1. For the chain, with all protein chains present and a 1.4 Å probe, just round the carbon and sulfur fraction of the accessible area to a whole percent.
2. With only alpha-carbon atoms in the gyration tensor, what are the semi-axes of the equivalent ellipsoid for segment 243-367, in Å, largest first?
3. Grab the alpha carbons of segment 427-549, take their convex hull, and tell me the volume per residue in Å³.
4. What is segment 315-453 by shape, rounded, prolate or oblate, if you read a ≥ b ≥ c off the alpha carbon gyration tensor as root eigenvalues and call it rounded for a/c under 1.5, prolate for a/b larger than b/c, and oblate otherwise?
5. Between segment 400-415 and segment 483-518, what's the alpha-carbon centroid distance in Å?
6. When only the heavy atoms of the protein chains count and the probe is 1.4 Å, how do 152, 382 rank by accessible area, highest first?
7. How large, in Å, is segment 46-195 by the Kirkwood hydrodynamic radius built from its alpha-carbon pairs?
8. Please compute the volume of the convex hull spanned by the alpha-carbon atoms of segment 302-389 and report it per residue in Å³.
Amino acid sequence: MTLSRARRARLASHPSQHAILRAMRYFNTTGPVRAAEHYCIPPLERVDLDDLLRLIGEQRYFVLHAPRQTGKTSMLLALRDLLNKEDRYRCLYVNVELAQASRENIEEAMRAVLSSLGSQVRMTFNDEAFGKMWPASLETSGPSGALAESLMMLSQRDTKPLVLLIDEIDALVGDSLLAVLRQLRAGYPDRPDGFPQSVVLCGVRDVRDYRIHAGSGKEVIAGGSPFNIKAESLRVGDFSESNVRALLAQHSEECGQAFSDEALDLIWSQTRGQPWLVNALAYEACFRSKSGRDRNRVIDADAIHAAREQIVVRREAHLDQLAEKLREDRVRRVIEPILSGTETSAFSDRDLEYVRDLGLVAANSPLRIANPVYAEVVPRVMTYAVQEGLVQDTAWYVDAEGGLEVEKLLAAFQSFFREHSEHWVGRFDYREAGPQLLLQAFLQRVVNGGGRIDREYGLGRGRTDLLIVWPQGERAKRWVVECKLVNEGKGLESTIAGGVGQTLEYLDRVGGECGHLVVFDRRPQRSWGEKIFRREERVGDQQVVVWGM
């Protein structure tokens, strides 16, 4: 529904018409998109539709996978509607997540799958009879054959080939998942007359990456084994930069509310096109924020920074699900060296594939956290309890003019680290990155009172870059804090020399006021007297303050 600014003004002056105003579209952060209700990029524009239709025409069974809340379900529903409209196939969508609660109980899980299938047949094909047929197949064929029997009956109820889209397939576990995959494989030779012509399995991960723990046989089975009929695996990508701008433009066109160029750039750079994040930032800035609801107000970069802080602090469900994954060993093996900036790692290819499938790290090289919002969430989740336990007050480090005293702040951390690091670092699950995480917790505790911290880190970078931004006067002040571990092979002075150059490079790139280099020396033979120091290093007319710890 598109309303002109004048029309909105007239409606706003009549309280009885507020229901019409509420009918305007908004940025969606929950569930599939509906074009009538949500700003959206048409889902099928984000995939190679010709490729999908080719696979279906060739009677292929294949996988469509992507991280959570990237638009997979919206894409499947759009594909279903397209195929049914063209009337060449009958296309059925079914979500099997309901069966997750049954875990390894195959009979209960299969009953849940078939019940969901029956409901979708009734709603999509207006077929009431199938709902009475599938319970009989469960009785006659048992849980290990009921799905295959039901799909055979469903395929034979019409001359048009059946296309089946199975969503949330990775919600199933163990024997329940094996039962579904093996029944699909068993019916495969009978397609298209006696079984679905094409089946699309959709989930977070590729089926070949499943390590299925079969409870019945106490064995681990690779996902590709019970579903070796899979032809291809397609991954749904994030929004492109043009997608992001097109999505935001829909709001501007419908509401007359503009985004500044800086805000548009920031939404893209902060999210790297992750669909949920793009919608969440825009919804927070334009609909939840009181100032953002004033449609005459331009959404600027400050509004986007404030929106980012709000969704991070609230630990929205999307971010909370990612945070929970950080506890898994295979995630820790990948994320820990990224946080610490080490140049070596001990994770396997399967660890990396898993973390990439979750969307936690970028799909390409160099290895880094997928986007700056996730890069903010990861250390803050890990340090939340520690941060809350730190007795530090922002007011202690703010001068009479309202400026942040970064030198005083780092000196305080240096004293704190010498006295308490052994106790506090041991509280982190990611102990190799403990010193960097403790510094970030300390700084966050103080800076949260009026500013923000931006972070950059990645595997092989050999450092963690922190940028403290503190509003003061007409423009915010910016300080660079670079963190490095002393490299055993290179020694302290070589580590400092490399770190100074990196600090100055980062300082120049972000336009900072001053650069600080924090060097953590974890060599056991060194005393605290040798580790603790403060000195200034100059390169030309530029200066970096070095803090040893």
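1. It is 46 percent, rounded to a whole number.
2. Result for segment 243-367: semi-axes of 34, 14, 12 Å.
3. Values: hull volume 15.3 nm³, N = 123.
Here the figure is 124 Å³ per residue.
4. Prolate, since a/c reaches 1.5 and a/b exceeds b/c.
5. Value for the Cα centre distance between the two parts: 20 Å.
6. The most accessible residue leads, giving 152, 382.
7. On the way: mean 1/r = 0.0636 Å⁻¹.
After inverting the pairwise mean of 1/r, the radius is 15.7 Å.
8. In segment 302-389, the Cα convex hull volume per residue is 116 Å³.
The values are calculated or read from the model by the stated rules, or taken from the named source; none is laboratory data. Fair warning: this is a prediction, and the values are worked out from it, not measured in the lab. Positions of Cβ are generated from backbone atoms using ideal geometry, with glycine treated the same way; all protein chains shown enter the neighbour counts. Note: accessible area is taken over every heavy atom of the protein model, side chains too, but ligands, DNA and RNA are not part of it. Shrake-Rupley method; radii C 1.70, N 1.55, O 1.52, S 1.80 Å.
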